[in-house]
Amino acid sequence: MADPSSYRPKPGQIPDSPGVYKFRDEHRRVIYVGKAKSLRQRLASYFQDLSGLHPRTRTMVTTAASVEWTVVSTEVEALQLEYSWIKEFDPRFNVKYRDDKSYPYLAVTMNEQFPRVQVMRGQKKKGVRYFGPYGHAWAIRDTVDLLLRVFPVRTCSAGVFKNAARTGRPCLLGYIGKCSAPCVERVSPEEHRELAEEFCDFMAGRTGTYIRRLESRMTDAAEEMEYERAARLRDDIEALKKAMEKSAVVLADATDADLIALAEDELEAAVQIFHVRGGRVRGQRGWVTDKVEAVTTGDLVEHALQQLYGEETGDSVPKEVLVPALPELVEPVQEWLAERRGSNVSLRIPQRGDKKALMETVQRNALQALGLHKTKRASDLTTRSRALEEIAEALDLDSAPLRIECYDISHLQGDDVVASMVVFEDGLARKSEYRRFQIKGFEGQDDVRSMHEVITRRFRRYIAEKEKTGEWADGETGLTEEDGRPKRFAYPPQLVVVDGGQPQVAAAKRALDELGIDDIAVCGLAKRLEEVWVPGEDDPVVLPRTSEGLYLLQRVRDEAHRFAITYQRAKRARRFRASPLDDVPGLGETRKQALIKHFGSVKKLRSATIDQICEVPGIGRKTAEVITVALAQAAPAAPAVNTATGEIMEDTAGTEDTTDETDTTDATGTTDAESETTAGSAGEPVSAGSSDERRGQER
């Protein structure tokens, strides 16, 4: 715990102007980002007597080890820079709204020659029109199914579209009238784009025009005694009205607005947003956040606005945003919203009428969301805290292990030996910190030796990062790089867990001792009896089967095993799919694919003459000679056999991705010969039971 006075800047050093400031911890990780109209006044408020600070603010300033700031010219620039830094550094003490799902949108890909209507999630793409978000994907599909009667826009994937164009036959939707079938040129690209634009106009709320147009055409058809066409138009009108009924009118003046409501207590806050377009509720979404800093309702509203509109431009930012409380500095926020929209945006609190009544509905939704979240989360918070305390007590640690790293070794009978490192912080998986290793020091099966190598490599990198920051040189601190981005191995765990028993634990402890690291605890979890082994002890620590601490250790160990075996299977699959063409020097991926496409298989290519190979575009005679020699030297693989029929199958294996496994790449694209960052949990989870069955062959 740091003393704030040890890093407090002198008052004369802090400028009395707008700016953004960052607090960093002892590892130079950014832990808090804030903005201020006057940096001098705001920063001075953090360095008063600790007893006068809010408990969460007190925790932040005692966790920090330094503070720095950047001066800007206007408060709007401060707002923009604060948003950018929060997004970049992900500070632990800033308000971060979180959700357990990504909301689906109805998207129209207007950036394609033949626009497609589809469900999309995740980051928005340029040139695509979005409507929503919706609570459920099925709600989008129901709406689209109704509208395709009137606006038969393409909904098929690129593969289906190309196949229909190649065969000259549309898909089922083309036959039943729910697609205009541009794939077989029933309509021109211009006519199809006009349909897509009309679809977008209808979804944007301009519904009355199309209803009246269809009613007029239905009347004309009836007068001309074309009753079948009139009946079809009648059904189209009913479909449009049914689609409109799915979102009831809530504001009579056809307003475009977003309504934001909050429900909060001392520890958490829930925000709910209703997206109203054309007077109708077109979508709803919500987030929940821990109040890790002392914030007012206005501050929470400002953070919600940043997260909601930080990546939006144009019509995605509505003309009117209704909130329960205004931020402390309204004008900069309103100006920032106007910049993102490209025109004026009204940010205000509704006082009366339909908008106030609708805001009360949004508020009730926020209260229900917070209540539901606390019902789900209360036991989880208590359980995680209890689990960490039980682990600390069982292993005789000075404090609860807030960061736990677990390592596992995986191989298939000694081949493709890899290792995984997973990280749990505060009892929750932090997948952006996961790493995976290739065993390079030796070949063959030796889990103990592999564990020693992985621990050595990981903590050698930790020492290197510490030396780079100068923390082990004359007590100085500071980065050679000033961007403050988290370094891959810069943060030590309080506890290292290895998947295995006494031998693996001893290897991990020996690796730490050799590096001179004595402040990190080590334990192992043996799968056979779920025993916890600690270094230097002949007997294991046995936690009760009902122990929350044991359950957390099992989750950590199983996640490390899943992550390792997923990587090992991927490596093995790439090795099995390797092609003889991979060994041909100077032959790139494009020309390999051209060869396979031309001949159909490696077997046919092997039997081809040099002149025949030269017929492939991009292949010269010299290259053809090199290919012929390489394929002649490569021993052909045993023929594949269809086990059902006994038929010998053609070798149709094409070229595959054979990325050099010597170096791997992290999520930022930086090559690193030691590890690979992964932000997700690729592959299928491996249950504890299935891993037991594979223990003898595949680890």
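The values are calculated or read from the model by the stated rules, or taken from the named source; none is laboratory data. Given the structure is predicted, the values throughout are model-derived calculations rather than measurements. Every residue, glycine as well, gets a Cβ built from its backbone with ideal geometry; the counts of neighbours run over all protein chains shown. SASA here: full protein model, heavy atoms, side chains in, ligands and nucleic acids out. Shrake-Rupley method; radii C 1.70, N 1.55, O 1.52, S 1.80 Å.
Taking the listed residues 311, 266, the one that is over 21 Å from residue 36 (Cα atoms), without any contact (Cβ under 8 Å) to a residue 40 or more places away in the chain and out of contact with any Pro (no Cβ under 9 Å at 6 or more places or on another chain) is 266, with no other qualifying. All but one of (1) open to solvent by 50 Å² or more (accessible area, probe 1.4 Å); (2) without any contact (Cβ under 8 Å) to a residue 40 or more places away in the chain; (3) not aromatic (Phe, Trp, Tyr) hold for residue 43; which doesn't? Among (1) open to solvent by 50 Å² or more (accessible area, probe 1.4 Å); (2) without any contact (Cβ under 8 Å) to a residue 40 or more places away in the chain; (3) not aromatic (Phe, Trp, Tyr), residue 43 violates only (1). Taking the conditions (1) at pLDDT 85 or above; (2) open to solvent by less than 20 Å² (accessible area, probe 1.4 Å) in turn, residue 195 satisfies each one other than (2).
Is it fair to say residue 258 is buried (at least 19 other Cβ atoms within 10 Å of the Cβ) and either under 26 Å from the mean Cα position of the chain (by Cα) or among the charged types (D, E, K, R) (or both)? The answer is yes for residue 258. Applying the condition of being out of contact with any Phe, Trp or Tyr (no Cβ under 8 Å at 6 or more places or on another chain) and surrounded by 14 or more Cβ atoms within 10 Å (Cβ to Cβ) to segment 93-106 and asking which residue is modelled with the highest pLDDT yields 95. Taking segment 545-569 as the range and being open to solvent by 40 Å² or more (accessible area, probe 1.4 Å) and touching a Gly at 6+ places or on another chain (Cβ under 8 Å) as the test, only 569 passes.
Restricting to segment 471-508, and then to whatever is modelled with pLDDT under 90, small (Gly, Ala, Ser) and over 18 Å from residue 559 (Cα atoms), can you tell me which residue is most open to solvent (accessible area, probe 1.4 Å)? Top of the filtered list is 475. When the test is whether a residue is at pLDDT 85 or above, part of a helix (DSSP H, G or I) and more than 27 Å from the chain's Cα centre (by Cα), residue 351 does not pass it. For segment 107-133, the candidate set comprises residues that are part of a strand (DSSP E or B), closer than 18 Å to residue 311 by Cα and modelled with pLDDT of 80 or more; within that set, the residue that is least open to solvent (accessible area, probe 1.4 Å) is 107. May I ask you to list the residues in segment 407-436 that are in a strand (DSSP E or B) and under 22 Å from the mean Cα position of the chain (by Cα)? 420, 421, 422, 423, 424, 425, 428, 429, 434, 435, 436, listed by residue number.
Among the residues of segment 138-152, the one identified as crowded, with 20+ Cβ neighbours inside 10 Å, over 28 Å from the mean Cα position of the chain (by Cα) and free of Cβ contacts under 8 Å to residues at least 40 places away in the same chain is 148. Of all residues in segment 581-590, those that are under 16 Å from residue 626 (Cβ atoms), open to solvent by 70 Å² or more (accessible area, probe 1.4 Å) and assigned to a helix (DSSP H, G or I) total 1. Identify all residues within segment 15-24 that are open to solvent by less than 20 Å² (accessible area, probe 1.4 Å) and free of Cβ contacts under 8 Å to residues at least 60 places away in the same chain; write none if there are none. Selection gives 19, 21. Note on segment 506-531: residues that are farther than 21 Å from residue 399 by Cβ and of a type outside the set (Gly, Ala, Ser) amount to 9. Of 108, 20, all but one fail to be in contact with a helix residue (DSSP H, G or I) (Cβ under 6 Å, 6 or more places away or on another chain) and within 30 Å of residue 181 (Cα to Cα); the exception is 108.
One line per residue, one yes/no per condition, for (1) aliphatic (A, V, I, L, M); (2) in contact with a Lys or Arg (Cβ under 7 Å, 6 or more places away or on another chain); (3) over 30 Å from residue 526 (Cα atoms); (4) open to solvent by 30 Å² or more (accessible area, probe 1.4 Å):
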position	(1), (2), (3), (4)
356	no, no, yes, yes
365	no, no, yes, yes
396	no, no, no, yes
412	yes, yes, no, yes
425	no, yes, no, yes
431	no, no, no, yes
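Report the residue count in segment 509-529 for those that are open to solvent by 30 Å² or more (accessible area, probe 1.4 Å) and in contact with a Lys or Arg (Cβ under 8 Å, 6 or more places away or on another chain). Of the residues in that region, 1 qualify.
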